[in-house]
1. Could you say whether any residue in region 177-190 is assigned to a loop (DSSP other than H, G, I, E, B) and touching a residue at least 60 places away in the same chain (Cβ under 8 Å)?
2. Does any residue of region 87-103 turn out to be loosely packed, with under 15 Cβ neighbours inside 10 Å and either modelled with pLDDT under 95 or in contact with a Cys (Cβ under 6 Å, 6 or more places away or on another chain) (or both)?
3. Hey, can you tell me all the residues within region 156-176 that are among the hydrophobic types (A, V, I, L, M, F, W, C) and either free of Cβ contacts under 8 Å to residues at least 12 places away in the same chain or touching a strand residue (DSSP E or B) at 6+ places or on another chain (Cβ under 7 Å) (or both)?
4. Please pick out the residue among Ser150, Ser121 that is on the phi > 0 side of the Ramachandran plot, within 15 Å of the chain's Cα centre (by Cα) and assigned to a loop (DSSP other than H, G, I, E, B).
5. What number of residues within region 153-176 are part of a loop (DSSP other than H, G, I, E, B) and among the small types (Gly, Ala, Ser)?
6. Taking into account only those residues within region 193-219 that are among the polar types (S, T, N, Q) and touching a residue at least 60 places away in the same chain (Cβ under 8 Å), which is surrounded by the most Cβ atoms within 10 Å (Cβ to Cβ)?
7. Filter region 183-219 for residues that are closer than 20 Å to Gly69 by Cα and of a type in the set (Asp, Glu) and give the result.
8. Among the residues of region 67-87, write down those that are without any contact (Cβ under 8 Å) to a residue 40 or more places away in the chain and farther than 30 Å from Leu15 by Cβ.
Amino acid sequence: TNTRLFKAKRLLYQLKKQKPGTVRIFSDKRIFTVDQAHNRRNDRMVVKVGSKARPKFKTKHPASVMVLGIVASDGNKCPPIFIKQGVKINAQVYQKLMRYHVLPWLKATYPDGNYVFQQDSAPPHKAKTTQEWMKRNLANYWPWTLWPPSSPCLNPLDYAIWSVLEGKVGATSHPSVDALKAKVKEEWAALTPAFIKKSCRSFRGRVEATVEAEGGHIE
């Protein structure tokens, strides 16, 4: 809690001194499976009186795909980046994703470098070689030392965007990983700039709420 409070205060200070017009870039990874999504606690099924609910079957080990999502506070979004099944995300793999996918998008979308790139304290981000790569190649970024630990409540992808995408992608089962990828691409493309802006707009308020909660977790 003390560490979250200390870093949230530092992050809030960075936000206050940020140049007007700076775009905040957020990133996160999420795994999607070919099975239909089902939440035992929240999902409900409406059936006629006297009828039985049709059971939902889940695969024991469903095929899946990991997606790296990148969104920006001005409503832009990087095309979804798919990570091959079985690939472990270490520092070297992460840097390749940044070099060949994220960096070209950043340069094309923000040629003036008017952005700051967020990263959390995941081991691939913390690696010395990753930090050196960031310094050499990005216009500006928040190092992992600035981001409060265990804080999905501060990342727009975690507190807003992934849940919407999972609701759409997981509405039905998918016959293959390729079909799953196609659906992820379709629903990712359907995310509107207005929705992304709205999701990112509450970021600062959430950082402030974390400080007010003295580093405690917020909803």
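The values are calculated or read from the model by the stated rules, or taken from the named source; none is laboratory data. All values reported here derive from a predicted model rather than from experimental measurement. When we count neighbours, we look across all protein chains shown, and the Cβ atoms used for this are built from the backbone with ideal geometry, even at glycine.
1. Taking region 177-190 first, the residues assigned to a loop (DSSP other than H, G, I, E, B) are none.
Checking region 177-190: not a single residue is assigned to a loop (DSSP other than H, G, I, E, B) and touching a residue at least 60 places away in the same chain (Cβ under 8 Å).
2. From region 87-103, those loosely packed, with under 15 Cβ neighbours inside 10 Å are 87-88, 90, 92-93, 96, 99-100; that's our starting set.
Still in the running and either modelled with pLDDT under 95 or in contact with a Cys (Cβ under 6 Å, 6 or more places away or on another chain) (or both): 87-88.
Yes.
3. Residues of region 156-176 among the hydrophobic types (A, V, I, L, M, F, W, C): 157, 160-162, 164-165, 169, 171.
Scanning region 156-176 gives Leu157, Ile161, Trp162, Val169.
4. On the way: Ser121 fails: on the phi > 0 side of the Ramachandran plot.
After ruling out the rest, the residue left standing is Ser150.
5. Going residue by residue through region 153-176, those that are part of a loop (DSSP other than H, G, I, E, B) are 155, 170-176.
Those left that are additionally among the small types (Gly, Ala, Ser): 170-171, 173, 176.
The number of residues fulfilling the criteria is 4.
6. Quick first cut of region 193-219, residues among the polar types (S, T, N, Q) only: 199, 202, 210.
Subset that is touching a residue at least 60 places away in the same chain (Cβ under 8 Å): 199, 210.
On the way: Ser199: 21, Thr210: 24.
Among those that are among the polar types (S, T, N, Q) and touching a residue at least 60 places away in the same chain (Cβ under 8 Å), it is Thr210.
7. Glu186, Glu187
8. Hits for region 67-87 are Lys84, Gly86, Val87.
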